[in-house]
1. Would you check if residue 159 is touching a helix residue (DSSP H, G or I) at 6+ places or on another chain (Cβ under 6 Å) and either surrounded by 20 or more Cβ atoms within 10 Å (Cβ to Cβ) or assigned by TED's automatic domain parsing to the domain that holds residue 237 (or both)?
2. Quick one: how many residues across the range 250-297 are assigned to a strand (DSSP E or B) and under 20 Å from the mean Cα position of the chain (by Cα)?
3. Which residue pairs have Cβ atoms closer than 7 Å, lie 6 or more positions apart in sequence or on different chains, and pair a first residue in the range 290-302 that is within 10 Å of residue 316 (Cβ to Cβ) with a second residue that is outside any strand (DSSP E or B) and within 13 Å of the ligand (Cβ to nearest atom)?
4. From 56, 82, which residue is closer than 29 Å to residue 14 by Cβ and either touching a strand residue (DSSP E or B) at 6+ places or on another chain (Cβ under 8 Å) or surrounded by 14 or more Cβ atoms within 10 Å (Cβ to Cβ) (or both)?
5. Against the condition more than 15 Å from the ligand (Cβ to nearest atom), more than 18 Å from residue 154 (Cβ to Cβ) and either touching a residue at least 40 places away in the same chain (Cβ under 8 Å) or in the same structural domain as residue 26 (by TED's automatic domain parsing) (or both), how does residue 239 come out, does it pass?
6. Counting only residues that are within 16 Å of the ligand (Cβ to nearest atom) and surrounded by 15 or more Cβ atoms within 10 Å (Cβ to Cβ), which one in the range 1-22 is nearest to residue 212 (Cα to Cα)?
7. Of all residues being part of a helix (DSSP H, G or I) and out of contact with any strand residue (DSSP E or B) (no Cβ under 9 Å at 6 or more places or on another chain) in the range 59-79, which is surrounded by the fewest Cβ atoms within 10 Å (Cβ to Cβ)? Just the residue, please.
8. Please find, within the range 298-325, the residue that is nearest to the ligand (Cβ to nearest atom) out of those that are part of a strand (DSSP E or B) and within 16 Å of the chain's Cα centre (by Cα).
Ligand code: NAD
């Protein structure tokens, strides 16, 4: 078979084809908020890309979709450079992937990485909200991880995001990361309204949240009943020290008046992580927002720092993804009802 620098031409061609498909899908998903392929199909392209790159490492270039976060931002908003890079998450699709993640952490740290914090993976969009001396000064979407869209005016309309933090010991500079979402009920209602107005409905709650947040007119965002759940901190500067654990950070954020999910659990073993995952697999539809999996993080911040990140994701966290639900019956009902 023909080869270029040791890589079969068939692999080169397939890699180029998949990369182009993924780029196009990223653009439609992240910039237009209107995907045309299912998440399952997109994930299978990405898996095949990774497999090709593992077999032929010269295919790993900085512009490969496997090395990037999100997509370049749109031109509708002012670009903002994040104080610290926002990342994606590596995925686990089964218990073996999860065990491999845990084993790698243990090997790199040369110690038991427990305890682990398990929480729900909300299918919304990532946001970074910056507070200076307790006042909300800026909010930006993840964008490509380095530069996001300035959506401060839109975020100010979201009822559960405080404009001012409570307490005397708030950090001088705090960048909170979280997920913005629309409730499943809110999504169904919004689609009914859109369809009634002759407009195309959103494909899923995640896209409806992204589309609702990224409105040029914040008054439209204000009507959309968006919410946030905080799930991390990018920057914490001030006299009060950053807590030693992720769960400790959540407690402090809650004290400041920020929305934090009560549905997290700190556990010590892989078995307990698997039980948490199994429990929410059974109760996947019991939350007001859509979840697409469980995120597992090392609870100790010190160990998170030691492990650091790859070019696109932290090594100290992993997203266990439930199988995608290809048919959204609620959406289908609406479309059938037209
Ligand atoms: P991701 O959704 O797999 O995970 C990373 C994100 O999870 C983080 O940025 C964070 O915002 C979010 N998150 C939710 N809950 C969290 C929690 N508790 N703790 C920490 N983070 C949490 O990765 P991604 O890079 O945002 O998106 C990739 C996925 O998007 C793909 O796997 C696919 O499902 C979908 N996608 C689909 C298409 C399409 O065309 N259908 C295109 C692009 C991406």
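1. Working: touching a helix residue (DSSP H, G or I) at 6+ places or on another chain (Cβ under 6 Å): no; either surrounded by 20 or more Cβ atoms within 10 Å (Cβ to Cβ) or assigned by TED's automatic domain parsing to the domain that holds residue 237 (or both): yes.
It is false that residue 159 is touching a helix residue (DSSP H, G or I) at 6+ places or on another chain (Cβ under 6 Å) and either surrounded by 20 or more Cβ atoms within 10 Å (Cβ to Cβ) or assigned by TED's automatic domain parsing to the domain that holds residue 237 (or both).
2. Here is the first cut: in the range 250-297, the ones assigned to a strand (DSSP E or B) are 260, 265-267, 291-297.
Now narrow it down to the ones that are under 20 Å from the mean Cα position of the chain (by Cα): 260, 265, 291-297.
Looking only at that region, the number is 9.
3. Within 7 Å, the pairs are 297/246; 297/316; 298/304; 298/316; 299/246; 299/247; 301/246.
4. Values: 82 fails: closer than 29 Å to residue 14 by Cβ.
None of the other options fit; the residue is 56.
5. Working: more than 15 Å from the ligand (Cβ to nearest atom): yes; more than 18 Å from residue 154 (Cβ to Cβ): yes; either touching a residue at least 40 places away in the same chain (Cβ under 8 Å) or in the same structural domain as residue 26 (by TED's automatic domain parsing) (or both): yes.
Judged against the criteria, residue 239 is a match.
6. Selected residue: 22.
7. The initial filter retains those residues of the range 59-79 that are part of a helix (DSSP H, G or I), namely 59, 65-67.
From the residues that got through so far, the ones that are out of contact with any strand residue (DSSP E or B) (no Cβ under 9 Å at 6 or more places or on another chain) too are 65-67.
On the way: 65: 20, 66: 19, 67: 13.
Among those residues, the one meeting the criterion is 67.
8. Just the residues of the range 298-325 that are part of a strand (DSSP E or B), to begin with: 298, 300, 309, 314, 317-321.
Checking which are within 16 Å of the chain's Cα centre (by Cα) leaves us with 309, 314, 317-321.
Values: 309: 12, 314: 9, 317: 7, 318: 10, 319: 5, 320: 10, 321: 7 Å.
In this case the residue turns out to be 319.
The values are calculated or read from the model by the stated rules, or taken from the named source; none is laboratory data. The model shown is predicted, which means the values in this text are computed figures rather than measured ones. When we count neighbours, we look across all protein chains shown, and the Cβ atoms used for this are built from the backbone with ideal geometry, even at glycine.
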